[in-house]
Each structure stands twice: as structure tokens, then as C-alpha cells.
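First comes the structure, then the notes that go with it.
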Amino acid sequence: MAVGKQKSVGARIEAELERVFDPVGRWLLTSPLMNYVHLVPSLPGVFRRRFAHPDDPWTVELPPLAPELASTPGIRRDRAAEQAAFEAAPLQIWTQLHYSAAQWARRAAWRSLLPAAPRHKRAYLAVHETDDVVPVPPATPPDPRVLTEDVRSWAAELGVNAIGFAPYDRKYTFAPHQAKWFGPTVIVLIKEQNYELTQQIPHKQFEQDAFSTYAELMVAGARLAAMIHARGYRARAADSSSNSIVHHYAVEAGLGQMGLNGQLLTPAAGSRIRIGLIYTDAPLVHDAPQDFGIPRICDACQVCVRRCPPGAVQARRQEYRGVEKAKIRMDLCFPVIVQAHGCGICTKVCPVQKYGLKPVIEQFVASGTILGKGSDDLEGYDWVDGRYYPAGTRPRVGREFMHPRGFEFDPAQTEPTVPPDTPPPASWKKASR
């Protein structure tokens, strides 16, 4: 299909209405009224069917790892370099380093955030009710293997698609949270996002689905923490802004590997997921990082590198703070995320997201080719300019788009621009329900 105009009359009317209401939407997200948004009832479930998420645990049987796909379990690390980087400068929270840009982006996302805000805020409050619970320890400690399987079963009942257990590592906690309590174990929860909406990226309803998925994940985390409390152990669930690098723990828990798009790729859904954490002192059996063959698949694929509208995805990995990873150029990525409904092209065009890892591996081992690469089925997308871009073409993202009025972003910023204790989002104060 050639590049062409795609917007219908209805879409143009909707866009014009959103333009008219844009000042109101932006104001609402900074208004004191947002402190009480959790009191607004959610729409009945029938209206959220479009955002339905799979609730069953993943069951993915992969073929034995082919020699040509073997690399390193999890991610390649230099432990000494990791420690040296932490001692030199603990990790900072990105939204505090770039506070004004993050707040500008949040206001610009009102179309997606406002519809999900009541559920998201209720989930946020539920999570923080687990912060300071210190239950009475059990008289007889349980068998760690039995308790671990119990936690897995509870998570499955709560609609969590995948769960893993990793050791806590202070190096991956953000600097403002270093003094808080963290148990020796981190429980990693994964919730899959809606498949059909992901294939429509970039779209405001996909971005809304991201907020909706986080709400479900936080509710599940709060309930799972309460179940652990009932067994006599501390468990503190993290909200969607988290206290730590969630990808580190997901990799260490054996739930996936990092892709060239800078995201965790899971065997079942690629990066079509959201990740939640629970910190606990319950005696649980830790999982281990795995080699799924994903780094070698990414090296051969690189569709996300070619299809990223501003060219923010890099083709080569580099060492950063002792870890070999693909670094996204945020000076190119972030302005696009702000204006293109969270963008996500690098998620949409990933064959592991589209088809699952198993068929991608099977085709690569059989033929040396990447499933879907070069096809419009995988690579084509509608852009925010109203045009469809098939494989081999991508939008021209000009200077005006990369530097919108009122948006300031300094990619070299290394010191927080707000006090470290400023909670994200800043307007969401803890309030009684």
C-alpha cells in the first residue's frame, strides 16, 4: 500500500474536538481536583471490553536453544563495573532529572490519562497501603519451596500472566529511595497488554490501555502483598513509577531478555507488557536469568532500528554502568513519545511481540530469516500525520515536531530539577478513600 491520507471524516472531527478541549484537559491534570479523582466511579466493565487483558498464566514451550542463538543468560554484566558505577553515582529518577519535560508530557497525555485516572489512582492508593505493614512473624517458618508455589498460585488467581523471584540489589534502587525498607527478595509481576490495541500503535487508546494495565497490575500487587502479610511476612508493592529499575529484576527472575528497543522482550508477548514489583522478606526461592536467544534474534532483525520515526533506536549495544545494553537516544525519542500517544513503534514492529518468540525462532533456525521482516503486516503503521507508512518508508520528523512550543528537554541533565522527595505524579497526594 502506498503512503496516503487515511483520516476519516469522523477522525478529523474527533481531532478538532480534542484540539478545542486541549487547554481544559491539560489544566485538569494539574488541578487540585486530581487529588480526588479516585472518588470518581469507573465506567461499567462492558465499556472497557476494548481494553480487556489476558488473565491466564503464560504457557510457552520453546524449542531447545539453537547454538547460533546462544549468548548469555539474562544480560552480559561486569560486576565490578556495576559496583563502581553505583558507588560513583547512584541511579537517579528520570522524571526528576527532567521534571519540567515530564510534566509537560503528562499534560499532553490528558486524552489517554484522564479516562484511566480514577482506576489508576485507586490502585496507587491501594499499593501504598502496603508500605508500612509489619505483620507478626509465623511461629513456624514455612518451607520456602512450598511458599514460593503458593505465591505463584495466588498471582495466577489475580490475573497475573507471569511471575518471577529475584534477589534484591541496592544498585538498582533509585537514589531518593535508598533509605527505604526493601526485603531480600523482589517479586516480579507481568501483565500482558491488549493485543489488538498494540497493533494500532501509535494511538491514544493504546496509551490509555497502558495506564489501565498498570492499574490492574497495582491492584494485583496490593492484594498479593496482603496475602503475604497474612503469612506473617512483610511485603511492599511498588506503584507504577516504581522505586527501582524493573527491567533488571525481570531479567534476573528469568522472565525475558532485553531487546534492541531498550525494552524487556518476553517469550509470550515481547514488550507488550507492564511490569510490577513487590519487595518482601518472605523466604522464597529465587529464579535465575535465562538465555532465550533474544539478543541474537534482535541482532539479525533490527526492524525496530529501521522503523523508529526519529531514529532513536541504536543498532549496537554498549556498556553502560557495567551492563551491555542498547541505549535509546532520548533526545530523539522523548519529544516523539510526547506528541505521538506514547509512540511505541518499536513495540508494534517487533516480531516477538507480533507473533511470539517460538515461531520467530523456528523460522530463523530453519531459514536464517526473521518472521514478518519486510512485510506490511509487521512493519506498516499509521502515523499521527494521518498517513500510512508501509515497510520501507517512515515519516519525516521535522525540527518543529522535535522541538514543540513550550517543551524543554536537556538530555545532558544529570542532577534532579526538583527535590528528591517529590512524588510522581506530584498532584496525587495520599488521601483516605
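Tabulated data for the structure shown
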read-out	value
Residue ranges of helices (runs of 4 or more DSSP H) in segment 46-118 with at least 3 members more than 30 Å from Asp287 (Cα to Cα)	94-97, 99-108
Leading residue by the ranking (surrounded by the most Cβ atoms within 10 Å (Cβ to Cβ)) among those in segment 216-248 that are in a helix (DSSP H, G or I) and touching a Pro at 6+ places or on another chain (Cβ under 9 Å)	Ile228
First in segment 376-397 and without any contact (Cβ under 8 Å) to a residue 12 or more places away in the chain, second anywhere and not charged (D, E, K, R), Cβ under 7 Å, 6 or more apart	Asp385/Pro395
Residue in segment 154-171 that is free of Cβ contacts under 8 Å to residues at least 40 places away in the same chain, charged (D, E, K, R) and either outside any helix (DSSP H, G or I) or farther than 19 Å from Gly342 by Cβ (or both) present	yes
Evaluation of Ala70 against (1) modelled with pLDDT under 85; (2) over 24 Å from the mean Cα position of the chain (by Cα); (3) aliphatic (A, V, I, L, M) (one fails), failing number	(1)
Residue in segment 123-150 that is nearest to Ser42 (Cα to Cα), counting only those that are crowded, with 21+ Cβ neighbours inside 10 Å and touching a Ser or Thr at 6+ places or on another chain (Cβ under 9 Å)	Ala123
Number of the condition not met by Ser112 [criteria: (1) at pLDDT 95 or above; (2) in contact with a helix residue (DSSP H, G or I) (Cβ under 8 Å, 6 or more places away or on another chain)]	(1)
Filter result for the condition that a residue is at pLDDT 80 or above, more than 22 Å from the chain's Cα centre (by Cα), buried (at least 19 other Cβ atoms within 10 Å of the Cβ) and not basic (Lys, Arg), over Ile345, Ile361	Ile361
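Here is a yes/no grid of residues against (1) at pLDDT below 85; (2) surrounded by fewer than 16 Cβ atoms within 10 Å (Cβ to Cβ); (3) of a type in the set (D, E, K, R):
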{"position": "Arg48", "(1), (2), (3)": "yes, no, yes"}
{"position": "Thr59", "(1), (2), (3)": "no, yes, no"}
{"position": "Asp78", "(1), (2), (3)": "no, yes, yes"}
{"position": "Phe86", "(1), (2), (3)": "no, no, no"}
{"position": "Pro90", "(1), (2), (3)": "no, no, no"}
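The values are calculated or read from the model by the stated rules, or taken from the named source; none is laboratory data. The model shown is predicted, which means the values in this text are computed figures rather than measured ones. Reconstructed Cβ throughout: ideal geometry from the backbone, glycine too, with neighbour counts over all protein chains shown.
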